[in-house]
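S.K.: Attaching a single structure in structure tokens format; questions to follow.
The values are calculated or read from the model by the stated rules, or taken from the named source; none is laboratory data. This one's a predicted model, so the numbers in the text were calculated from it and none came from an experiment. Please note: Cβ atoms are built from the backbone with ideal geometry, for glycine as well, and neighbour counts cover all protein chains shown.
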């Protein structure tokens, strides 16, 4: 009996000793705290590494935290939204924040950031930006202006790009333009010699003299590219003094007039806004349209992989090319638009510091270059230009020319809605429901009745 | 001695002491319907009214209670008159051409031919209603595609020698939404009218034939008078249904080009969900509810539904 008791006691002691040892050895693990950061990202084939780089950045941040002896570890959970475009996505996310279900970090188009700021959903980042110069110090200063609201910086630029008029050189040559003329178009556009109306003229020649059906095509939904035309005709949409939305009737009517002339000449199809995105791309890349108003990344996302455009620089420029948005009249200023996508942190995240550091790592030059070269977006830091991969991606280097004249969409909290009204105006003109003058009136009336603080001139 | 009337009353109402049972029956039989009506009609209407007096916008936050939305509806919204005009054309057009007239023609023709063929054609006309809306509209989009591959263009170009393809979505969008909705709407009228025609005692047709009535006379003097109640019902029901439904239009034309096919219900949707103006959308929706109720009441009066819904005075055994 006694023997049994001693045996039991010995067993118990051994078990206790073993348990304690296991517990003690496991203590550091138990003390480790996993911080889950939720990232909201639109499902977007033109930029899978926008969220992907944040996920990768978590590994780097965790190593850094381990080296610092911090018990915290970061885990990124990506929440993908199926929105078709960044505008729909932003409207969706505003609702999600509104009901208190917002993420910790989100990816958005820059012009929406002040809408989030206005409702107090986004964190002001100035302190973090200056605290972590190793992460944010070298980002191009010009890009920061796309992340600013009136009282500070609320986002971190993730990429940039260039919007332009792509053109099919083969069709232009078929229409009777000689190679010298066709190849000189980019230079002429940049110098202000090529005008918006000349583009319509060239497009008309193509439609009249070749088998191509279309002259100029543009996106079939609300977005940034066609705003280039409005910027070319002088609309900035924001009053520089007050920061309020500004609508100038004559300038609006002039820009709408370009679309009106395009449709009348049979150059822009009346049903452009009713066509599918993919159908429009197909028309251009398969040689059925002279011009395609879009952005540089379209080459990487669609032009090269889907339609087999030559990936060799020389071969590409033999038959294809792009020009800046031309000036409204000879000697005027050409335009290009860049539309940065930004990272932002929710105002109510429990770990703002970690989120900021995470985005710092996601903005690392090598990770951002991965995104840039695989999706033909422009980088955010000068050191990326030295990366051989970046140098090899010639569309990026060539598109950088346009950055000299590039503009942003205004960072006004209501611009997203105004853009929807402008798009409806274009649709009204192209489908023959409105004249250019009426479209300008329509935009002013709609904006004045549905938006706040609109200045009309 | 009890009279027949008393017996009937007892039979209808039950014996004494059954008040509790009546209450139970009330709860059992009408309860679910009442709960559903409250949940899916009364409560949403109350919420809609409440939201319409707020500035609820894109971030779902309310900062003030205001009548601003109603001012917008009544004063500043210049699209509204066009939208209301279009809604009238759409509802009236679909109803008059398809849901009632075409439904009636289908019912009369398919009951006049052999039963097997009649059932087959009715089955064919039911297909659009049975297929999912997205699939149905995808077929339409292919049919009216502005390219040479579109079905309509193929037929017009190859059979009728048309030079270039037509773009019906741009040139005739209102006709398209009426036809695409009508093809579906006609089937409901067809089913109801067919059932009603089948219910007409056959000897009436034989008697009419003996009296020398032709096909059109039979339709005019026997079929149509018997269909008064179903026609009234289909008209009112489909008017309300057309007023509030917009999914086919949204899928087919997205309300465009421009605002050409934006009917009232779609306009509410576009304002509320595409522009994030939920307060304004709620105010607009409230007017839609009011219009719906008014239309229903006018229809009730116009078609004298009260008399049509009365219990039959003659019992047929």
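S.K.: I need a count of the residues in the range A:267-281 that are at pLDDT 95 or above and surrounded by fewer than 16 Cβ atoms within 10 Å (Cβ to Cβ).
M.R.: 0
S.K.: What is the residue count in the range A:418-457 for residues that are under 20 Å from residue B:255 (Cα atoms), in a loop (DSSP other than H, G, I, E, B) and within 10 Å of chain B (Cβ to nearest Cβ)?
M.R.: The total comes to 4.
S.K.: Continuing with this model, one more query. Keeping to the range A:398-447, report how many residues are free of Cβ contacts under 8 Å to residues at least 24 places away in the same chain and under 22 Å from residue A:112 (Cα atoms).
M.R.: 1
S.K.: Given A:385, A:409, A:434, which one is at pLDDT 90 or above and farther than 17 Å from residue A:163 by Cβ?
M.R.: Of A:385, A:409, A:434, the one residue that is at pLDDT 90 or above and farther than 17 Å from residue A:163 by Cβ is A:434.
S.K.: Buried (at least 21 other Cβ atoms within 10 Å of the Cβ), closer than 16 Å to residue A:87 by Cβ and within 14 Å of another protein chain (Cβ to nearest Cβ): does that describe residue A:415?
M.R.: For residue A:415, the condition - buried (at least 21 other Cβ atoms within 10 Å of the Cβ), closer than 16 Å to residue A:87 by Cβ and within 14 Å of another protein chain (Cβ to nearest Cβ) - is met.
S.K.: Same structure, new question: Counting just the residues of the range A:94-119 that are within 11 Å of chain B (Cβ to nearest Cβ) and closer than 23 Å to residue A:58 by Cα, which one comes out surrounded by the most Cβ atoms within 10 Å (Cβ to Cβ)?
M.R.: Filtering first and then ranking leaves A:102.
S.K.: Then there is this: Among the residues of the range B:58-74, what is the count of those that are at the interface with another protein chain (Cβ under 9 Å from one of its Cβ atoms) and within 31 Å of the chain's Cα centre (by Cα)?
M.R.: Counting residues in the range B:58-74 that are at the interface with another protein chain (Cβ under 9 Å from one of its Cβ atoms) and within 31 Å of the chain's Cα centre (by Cα) gives 1.
This table checks each residue for (1) free of Cβ contacts under 8 Å to residues at least 40 places away in the same chain; (2) in the same structural domain as residue A:121 (by TED's automatic domain parsing).
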{"position": "A:257", "(1), (2)": "no, no"}
{"position": "A:279", "(1), (2)": "yes, no"}
{"position": "A:294", "(1), (2)": "no, no"}
{"position": "A:311", "(1), (2)": "yes, no"}
{"position": "A:315", "(1), (2)": "yes, no"}
{"position": "A:327", "(1), (2)": "no, no"}
{"position": "A:348", "(1), (2)": "no, yes"}
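S.K.: Kindly indicate whether residue B:205 is touching a helix residue (DSSP H, G or I) at 6+ places or on another chain (Cβ under 7 Å) and within 30 Å of residue B:169 (Cβ to Cβ).
M.R.: In short, no.
S.K.: Let me ask something else about it. Mind counting the residues in the range A:160-183 that are outside any helix (DSSP H, G or I) and out of contact with any helix residue (DSSP H, G or I) (no Cβ under 9 Å at 6 or more places or on another chain)?
M.R.: Of the residues in the range A:160-183, 1 are outside any helix (DSSP H, G or I) and out of contact with any helix residue (DSSP H, G or I) (no Cβ under 9 Å at 6 or more places or on another chain).
S.K.: Here's a follow-up. Might you let me know whether the range A:287-307 holds any residue that is surrounded by fewer than 24 Cβ atoms within 10 Å (Cβ to Cβ), over 24 Å from the mean Cα position of the chain (by Cα) and over 27 Å from residue A:103 (Cβ atoms)?
M.R.: Yes, the conditions are met somewhere in the range A:287-307.
S.K.: Are there any pairs, at least 6 apart or on different chains, whose C-beta atoms fall under 8 Å, with the first in the range B:121-148 and within 14 Å of chain A (Cβ to nearest Cβ) and the second exposed (fewer than 14 other Cβ atoms within 10 Å of the Cβ) and in a helix (DSSP H, G or I), and if so, which?
M.R.: Final answer for the pair search is B:142/B:151; B:144/B:151; B:145/B:151.
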